[in-house]
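Here's the structure we're looking at; comments come further down.
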Amino acid sequence: MESNNGTTIIVMSGDLDKVFAAFTIAIGAAAAGKETNMYFTFWGLKAIQKGNLTGKSLFGRMMGLLNRGGINRIGPSRFNFGGIGRWMFKAMMKKHKVTQLEELRKTAIDLGVKLYPCEMSLKVMEISREALIDEVGATCGVAAMLEMSDRSKQTLFI
Amino acid sequence: MESNNGTTIIVMSGDLDKVFAAFTIAIGAAAAGKETNMYFTFWGLKAIQKGNLTGKSLFGRMMGLLNRGGINRIGPSRFNFGGIGRWMFKAMMKKHKVTQLEELRKTAIDLGVKLYPCEMSLKVMEISREALIDEVGATCGVAAMLEMSDRSKQTLFI
Amino acid sequence: MESNNGTTIIVMSGDLDKVFAAFTIAIGAAAAGKETNMYFTFWGLKAIQKGNLTGKSLFGRMMGLLNRGGINRIGPSRFNFGGIGRWMFKAMMKKHKVTQLEELRKTAIDLGVKLYPCEMSLKVMEISREALIDEVGATCGVAAMLEMSDRSKQTLFI
C-alpha cells in the first residue's frame, strides 16, 4: 500500500472533539483507498490506551486522575464542566446516530488505518507499551513519522 | 481553477485568534492564485454563521450562550476574561489597522476563497443551513474535503 | 537547499508542549536533510523571544505578565496550575534526559532550521525585532510563508 497519496495525522490533543475529528478524517481517507497513518503523541496517547491510562509517573498519574476509564472518558476541549460536556457530547452523538469514539476507532482499524505511538512520549509519560490497545503498531520516532508523511498528500497536526 | 497547488484549511477551532489566522492564510493563498478552500467543522462553524449561532439542541444553545452575536463575538483562545480579551484584541487590531474578522471574511470571499460547512457537524449541533451566511458553498463531508486537499500543496488543521 | 521535499511548521501556539513538539519535528526533518522552516505567529513568538517578552501594548504587557523570563517560562497547554505544570513537565523531561526547550531550539538552529517571525503579529503585539533572539531570519508575511510551504511535503499548523 506504499504510495504518494497517503494521509498522515499527528494526534497530540487528548480532547474528545479533536480525537473524534482525527478518527473521522482517518476513516474518510482509508475509505478512499489512501494509506492512512495516525501518530499519537503526548495527550493523544489517551486515544489508544486500553482502559485507564496508567502512567506511573506523577505526570502520568495526574493524567490518569483527569482521565479515568480510557477513550470513553475523554472530554471535549470545551464545555467539560465536571463531565457534563462529555456526557452532552456523547448524548448528542447518540441521538444523531453518530458513531461513538470507540466504534470509530474500531472502524478505522478495520479499514486498515495504522496507529503508531510516539516513542518519546511513552518514555516521558512513563506509559508502558502494554497499557496501549493491542492493535497499535510498533512505537516509532519522528523520523519514521516523517517518512510516512513524505508518502502523504496531507499531514495534519491535531 | 482545478490544480495541484491549492490550499485547504480545516477550521475546527472557534477561537478568534485561530479563525483570524485561518482567514489570513486563506487570503494570502487566494491572492497568490491558489485554489483555496476552507472547511468549517464543529466550533469553526461559528465563523460562518449569520448572527447569533442558533443551534436548537442543548449543545447548540450552550454554544449560543457563549457566543452571542456571530463572528464579532468570537473570543480569542486566551485572555478572554469576561470578554476583555476579545475587546482588547479587536482594539489592538483596529489601532494597527489590521482588518477586522468580518471584513477579513468578506475579503476572502471576494478573492474566491470557497467556504464549506461540514455536514455532520451541522447535523450533530442541530444548526440549519439557513443559520449560515449566504456565501457558503454546499455542505460536504470528509470525502469531498479530502478531494480538495488532494489538489492542495498544503492542508492545515486549525 | 531549495527543494520540493521541505517541512514548514507554522507555530501559533505558545504552549510548552506544543512548542516542544514543533521543535522536535523540525529537528527530525532537518536531520533527514529536509529544508525546514518555522514560521512563528501570535503566541508562538514567545518561543523565539530573547528573555521576557516585552510587547509595549496592553496586550503585550499582559502576555508578558503571564510569561516572564522567555522560553524557560512557557507553560504546557494543560496542568499549568500556578506553574506546577511547567515545573513537573520540565522535571520529567530532565529525569528522562529529554532535551530542554532552549537546547532543543539551539539544536534546531545548528541543524539549519530557519526561524521566521510573522510580520503582522510583531506589529499587532507591538514587539520589536530586537526583542527576538538574534538567530531569527527576516520578518515575513503570509506570502513568503506560503512559498516555503509550496516547497514542502508537509506543512503543519501547531
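The values are calculated or read from the model by the stated rules, or taken from the named source; none is laboratory data. Owing to the predicted nature of the structure, the values given are computational and were not obtained by experimental measurement. Quick reminder, even Gly has a Cβ in these numbers, built from the backbone with ideal geometry, and neighbours come from all protein chains shown.
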Do we have B:I158 as under 25 Å from C:I9 (Cα atoms), touching a strand residue (DSSP E or B) at 6+ places or on another chain (Cβ under 8 Å) and not aromatic (F, W, Y) here?
-> yes
Quick check: is even one residue across region B:137-150 under 13 Å from B:L45 (Cβ atoms) and polar (S, T, N, Q)?
-> yes
Looking at region A:108-119, which of the residues that are in contact (Cβ under 8 Å) with a residue 12 or more places away in the chain and part of a helix (DSSP H, G or I) is surrounded by the most Cβ atoms within 10 Å (Cβ to Cβ)?
-> A:A108
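Per-residue answers, yes or no, for (1) within 8 Å of another protein chain (Cβ to nearest Cβ); (2) over 17 Å from C:P117 (Cα atoms); (3) crowded, with 23+ Cβ neighbours inside 10 Å:
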| position | (1), (2), (3) |
| --- | --- |
| C:N5 | yes, yes, no |
| C:I9 | no, no, yes |
| C:S13 | no, no, yes |
| C:L16 | no, yes, yes |
| C:A21 | yes, yes, yes |
| C:I27 | yes, yes, no |
| C:A32 | yes, yes, no |
| C:T36 | no, no, yes |
| C:F40 | no, no, yes |
Would you be able to say whether some residue in region C:120-141 is within 9 Å of chain B (Cβ to nearest Cβ), surrounded by fewer than 17 Cβ atoms within 10 Å (Cβ to Cβ) and modelled with pLDDT of 95 or more?
-> yes
